Amino acid sequence: MFDLDYTLLRPSEQFEAPGYVRSGARFGLRLDVGRWPQAERAAYVAARERRERTGLVHDDGLLPVIAHAIIEGLGGGQPAAVEATAAAIIDAWSKPENFGLYDDVLPCLDVLRGAGVRMALLSNALGHGLEDVVAHFALDEYMDAAVSSAQTGAVKPAPRMFSALLVLLRVAPAAAVMVGDSVEDDVEGAVAGGCGAILLDRAGRAVGAPLPRIETLAELPAALSLRAWRA
């Protein structure tokens, strides 16, 4: 079971500091690229606070919260210009063409498919439709099923997300492994439901963590031969 964003799907520069600065400039904002680390942190805090209020439900309002937090973290400006910039970022996030697959994705999927491994997508589907992404990148050639939070009304790590996909696949939890970039959503959520889990730690931020961890999908075929981590 694969997570989507930041696991298979790589957002373009549009959603990093230079893209925010360019988008803001269209509406008269002078955002400061040097404040990106603070802006990222502000977005993380805002997203955590939003989830604490809403719980583990699908939340279409989360992306605007993140976009506004980043814009304000980069310096902000006139409210109307901030709102217009946020709307532009949110609209761009909904378009699959503003994303790409990481270079290690298709080679990994080809190896797994050749080995007879069944694969599926499990995504919190923030701001873009899972079906649109699957069609745009022809992932239906590899995936036996796909479940998004928009379908279940819940988000990972809610048990409902994992059980919905396992029912579709007719697979017992113990026979499934979740691969994703979030310890809380992907790893802990999967383990709580009786599945295995492997953290995809592309930035190497979880070195030494007591769980199966890979830094590239090129490592996944070998990692799947190991006993999956359970709490």
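Summary table below
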read-out	value
Residue ranges of helices (runs of 4 or more DSSP H) in the range 6-121 with at least 1 members of a type in the set (S, T, Y)	17-26, 36-54, 79-93
Residue within the range 40-51 that is of a type in the set (F, W, Y), within 25 Å of D3 (Cα to Cα) and surrounded by 14 or more Cβ atoms within 10 Å (Cβ to Cβ) present	no
Selection count where residues are of a type in the set (G, A, S), under 10 Å from A81 (Cβ atoms) and surrounded by 14 or more Cβ atoms within 10 Å (Cβ to Cβ), scope the range 19-35	1
Matching residues in the range 122-135 - criterion: being closer than 22 Å to V155 by Cβ and part of a helix (DSSP H, G or I)	L130, E131, D132, V133, V134
Verdict on V179 being touching a Phe, Trp or Tyr at 6+ places or on another chain (Cβ under 6 Å), touching a residue at least 12 places away in the same chain (Cβ under 8 Å), buried (at least 17 other Cβ atoms within 10 Å of the Cβ) and assigned by TED's automatic domain parsing to the domain that holds D104	yes
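The values are calculated or read from the model by the stated rules, or taken from the named source; none is laboratory data. Please read all numbers here as calculations on a predicted model, not as lab measurements. Cβ sites come from the backbone with ideal geometry, for glycine too, and all protein chains shown count toward neighbours.
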